[in-house]
Amino acid sequence: MALLDVRNLSVSVEDQEILHDISLEINKGETHVLMGPNGAGKSTLGYALMGNPNYRINEGEIYFNGLSIKDESADKRAKAGMFLSFQNPLEVPGISLASFIRNAIVRQTGQKVKYSEFKRNLKESMELLSFDESYKDRDLNVGFSGGEKKKAEILQLLMLNPRLAILDETDSGLDVDAVRTVSKGIEAFQEKRDGALLIITHSTRILESLHVDKTHVLVKGRMVRTGDASLVDEINQNGFEQFIEGSAAE
Ligand SMILES: Nc1ncnc2c1ncn2[C@@H]1O[C@H](COP(=O)(O)OP(=O)(O)OP(=O)(O)O)[C@@H](O)[C@H]1O
Ligand SMILES: [Mg+2]
């Protein structure tokens, strides 16, 4: 049984259908990459999978761990072990990075988290991400640089340990060193929990040190091709043009 099983999903935003007939299966421990031109619907797919109420599912099904979650709230999906790192993380004044993460853990597990243990894990994960410890007391993302916001997303990933993480362009806008650091964080996630990943990206740098099981190409709201890791290189050489023509001919 696949961990995530998306079947013939169509999704609308503001009464306009953005995603058409999307199917996708991700097994436990697998890493999938989702590529596609700007505006193809990649972030839309992330939001729809996570249960953002602005995205309406017209047709199809989403099974997570064998259960249909299509009608569940975003909160329930997070509790079930789904995680989305945002392309543009929100600033949240009044709540520190550390409290935000701790609350999220408590909400999702329904269990109390020992403070000493939490503190130790947080310190370890921040070190792994070369994230200065002082940031834990800063308001979540407020005044963080673009790169720091992305690191904060990966920190949440490491602390929450979801079964499936959807990373929406977590690597965009990162300098060379930060890409390596974030990639190290993702690798640690893969090893720690055998978690599954759906990585939405335009760049291959983040993928260099990661094992990729499958690559999907989304164009104009349709999955036009699925292949192995080599598809990433092919796209980088030839662009999306081939797929755009292909989809028009269909
Ligand atoms: N809330 C919304 N209101 C109106 N249109 C929307 C909304 N969300 C998405 N869209 C439209 O849906 C299409 C797909 O957008 P989406 O953000 O999913 O693309 P993307 O593949 O993530 O692109 P990028 O690579 O630029 O991040 C776009 O044409 C966008 O304008
Ligand atoms: Mg996007």
Q: Confirm whether Gly195 is closer than 25 Å to Tyr47 by Cα, exposed (fewer than 15 other Cβ atoms within 10 Å of the Cβ) and touching a residue at least 24 places away in the same chain (Cβ under 8 Å).
A: no
Within segment 53-73, residues free of Cβ contacts under 8 Å to residues at least 60 places away in the same chain, under 19 Å from Gln108 (Cα atoms) and either surrounded by 14 or more Cβ atoms within 10 Å (Cβ to Cβ) or in contact with a helix residue (DSSP H, G or I) (Cβ under 6 Å, 6 or more places away or on another chain) (or both) come out as Ile69, Lys70, Glu72
The lone condition Asp139 fails out of (1) touching a Pro at 6+ places or on another chain (Cβ under 8 Å); (2) within 15 Å of ligand 1 (Cβ to nearest atom); (3) closer than 25 Å to Ala98 by Cβ; (4) not polar (S, T, N, Q) is (2)
Only one of (1) crowded, with 23+ Cβ neighbours inside 10 Å; (2) in contact with a Phe, Trp or Tyr (Cβ under 7 Å, 6 or more places away or on another chain); (3) closer than 19 Å to Met50 by Cβ does not apply to Leu160, and that is (1)
A careful count of residues in segment 142-161 that are free of Cβ contacts under 8 Å to residues at least 40 places away in the same chain, under 16 Å from Phe100 (Cα atoms) and in a helix (DSSP H, G or I) gives 3
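Please find, among Glu250, Glu191, the residue that is modelled with pLDDT under 85 and out of contact with any Leu (no Cβ under 6 Å at 6 or more places or on another chain). Steps first, answer last, please.
Values: Glu191 fails: modelled with pLDDT under 85.
Of Glu250, Glu191, the one residue that is modelled with pLDDT under 85 and out of contact with any Leu (no Cβ under 6 Å at 6 or more places or on another chain) is Glu250.
The values are calculated or read from the model by the stated rules, or taken from the named source; none is laboratory data. Just so you know, these numbers come straight off a predicted model, no measurement behind them. Cβ coordinates were reconstructed from backbone atoms using ideal geometry, including for glycine residues, and neighbour counts include every protein chain displayed.
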